[in-house]
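See structure below.
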Amino acid sequence: MTSAPKPALKRAVMVASAFALAAGALQVAAAPAYAVAGPTTKYECRDLQTPGKLFPGDEVACTVTVSTAGNDSFSNVIAEVTIPNGTVYESGGNKLGGQKVSFTLGEVTKNKTASATMTVMVDGQTPPNTNISSDAVVKGFAPNGAFDTNASSNTLVVVSAGGAQGTQLVAKTDVASVNTFGRAETPISELVDAPAGVTPKIELVTSAEPKKNYVGASIIDNGQKIAWTALCTATPQEKTQSFTIKISAPGQASVEAKTTVLLGNNVANQGIVPPANCAPKP
């Protein structure tokens, strides 16, 4: 005949069970959430002007590439990249606050790679030995949940101008292009070479062909760019206009760069009524 457990023993069994349940709950609560694997991200910055020697005034293109070798598909992929210290943002993506730029990359699959490029210019005041690099955050959705990955670009180093750029402003000859109803921009780095530590500024844009009024020009970004707009439709005979650009800098003699703007007429293929054909004034 089995006797009933004593009250003290029963209480001990109940307390032990309670402790075991609490310990199990703690283990469940402390278990880390699993990380969702994302696609592969490659991030590279390259000097567009003088590869291997990065000078103040050079343009740098930073390209983020997102791909996958597996069978998973990734959707709603976006990338946020940082504008490198010592540079000025020029183009690409949507500029956000806090020195960031965002890109909408969309879908990434085994057969579909996504990439986007941000272009910046090394500031004229950036001293030698400054490291130029950028970071990227790529987010989106994998089949099993949201992913969030980080990538860092390579590092470019600003070098002293030395004898490569000299001690004076040196004007360049440039070619730009703009389509009817379109807009194009020319950064100052394509118009002049400047010594290290010198920040040039566009002062004046003048048509070198007074009888032509084919292209409108405006100085933007505090003298760091020219915006071009087409005012007429190009013809086989009339499709260019030349300009001279006065550029100055503190302690430097002013120089004049030369730019020829080429006009396109592909707007006619978009169903938009183009403006009158370009023709010189009498």
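Hey, got the Cα dimensions of segment 64-150 along the principal axes, in Å, largest first?
Principal-axis extents of the Cα atoms in segment 64-150, largest first: 47, 24, 18 Å.
Per 0.36 nm of contour for each residue apart, how much would the distance between ASN277 and GLU203 grow if the chain were fully extended, relative to their Cα-Cα spacing?
23.6 nm
Ordering TYR43, TYR89 by accessible area with a probe of 1.4 Å, largest first, what comes out?
TYR89, TYR43
How big is segment 53-110 by Rg and Dmax over its Cα atoms, in Å?
Cα only, segment 53-110: 14.4, 44 Å (Rg, Dmax).
How far apart, in nm, are the 7 Å Cα→Cβ label points at SER152 and SER115?
2.3 nm
Per residue, how large is the accessible surface of segment 99-228? Use a 1.4 angstrom probe and give square angstrom.
In whole numbers, segment 99-228 has 48 Å² accessible per residue.
With 10 Å bins from zero, work out the P(r) of segment 155-256 over every alpha carbon pair and list the percent per bin.
Bins of 10 Å from zero give 14, 42, 27, 13, 3 percent of pairs.
If you project the alpha carbons of segment 80-119 onto the principal axes, what extent comes out on each, in Å, largest first?
Principal-axis extents of segment 80-119 (Cα, largest first): 37, 16, 14 Å.
Which sequence of LEU231, LEU263, LEU96 reflects their accessible areas, 1.4 Å probe, from the largest down?
LEU231, LEU96, LEU263
Could you sort out which of LYS95/LYS201; LYS172/LYS212; LYS139/LYS201; LYS53/LYS95; LYS172/LYS211; LYS42/LYS225 sit more than 32 Å apart by Cα distance in this structure?
LYS139/LYS201
The values are calculated or read from the model by the stated rules, or taken from the named source; none is laboratory data. Since the structure is predicted, the reported quantities are computational estimates derived from the model, not experimental observations. Cβ coordinates were reconstructed from backbone atoms using ideal geometry, including for glycine residues, and neighbour counts include every protein chain displayed. All accessible areas refer to the heavy atoms of the entire protein, side chains included, with ligands and DNA or RNA removed. Shrake-Rupley method; radii C 1.70, N 1.55, O 1.52, S 1.80 Å.
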